[in-house]
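The values are calculated or read from the model by the stated rules, or taken from the named source; none is laboratory data. Quick caveat, the model's predicted, so the values are computed rather than measured. So basically every Cβ, Gly included, is an ideal-geometry build from the backbone, and we count neighbours across all protein chains shown. Just the protein is used for accessible areas: all its heavy atoms, side chains included, with ligands, DNA and RNA removed. Shrake-Rupley method; radii C 1.70, N 1.55, O 1.52, S 1.80 Å.
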Amino acid sequence: DAEIRRFHTILKPQLKTIKSDLHIVKKAFRDAVLKFLQQLKFHPDITLRSLSFRLNFNEFYKVSYTSKSTA
């Protein structure tokens, strides 16, 4: 009974905060990978362009190849 109260008063809010932080990190990582793949796709070196394909061979990260990134 005391453990259940402890969970609801202390641990549950901490888990909610950790989950929120993890979501933020997940989005930042995904955005960084997408930007990296986009930059590789238009790199003048063919080896690096093929690296873009190899890193995303199953197309998990949907990259738009229609606009050239300048960043």
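In table form, for the structure just shown:
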{"quantity": "Share of carbon and sulfur in the accessible heavy-atom surface of the chain [1.4 Å probe, %]", "calculated": "65 percent"}
{"quantity": "Most mobile of Lys27, Lys16, Lys35 in a GNM of the chain (Cα contacts under 10 Å)", "calculated": "Lys16"}
{"quantity": "Extension gain from Leu55 to Lys26, taking 0.36 nm per residue of separation minus the Cα-Cα distance", "calculated": "8.7 nm"}
{"quantity": "Calculated [θ] (222 nm, deg cm²/dmol) that DSSP helices of n ≥ 4 give over the chain, each run adding -39,500 (n - 2.57)", "calculated": "-20500 deg cm²/dmol"}
{"quantity": "Degrees between helix 46-55 axis and first principal axis of the chain (Cα, 0 to 90, nearest 10)", "calculated": "30 degrees"}
{"quantity": "Degrees separating the helix 12-41 axis from the principal Cα axis of the chain, which is the longest one", "calculated": "0 degrees"}
{"quantity": "Surface per residue (accessible, 1.4 Å probe) for region 19-58, Å²", "calculated": "80 Å²"}
{"quantity": "Percent RCO, i.e. relative contact order, over the chain, from Cα pairs under 8 Å lying at least 6 residues apart", "calculated": "28 percent"}
{"quantity": "Student exercise, region 1-67 dipole from Lys, Arg, Asp, Glu Cβ charges, in Debye to nearest 20", "calculated": "120 debye"}
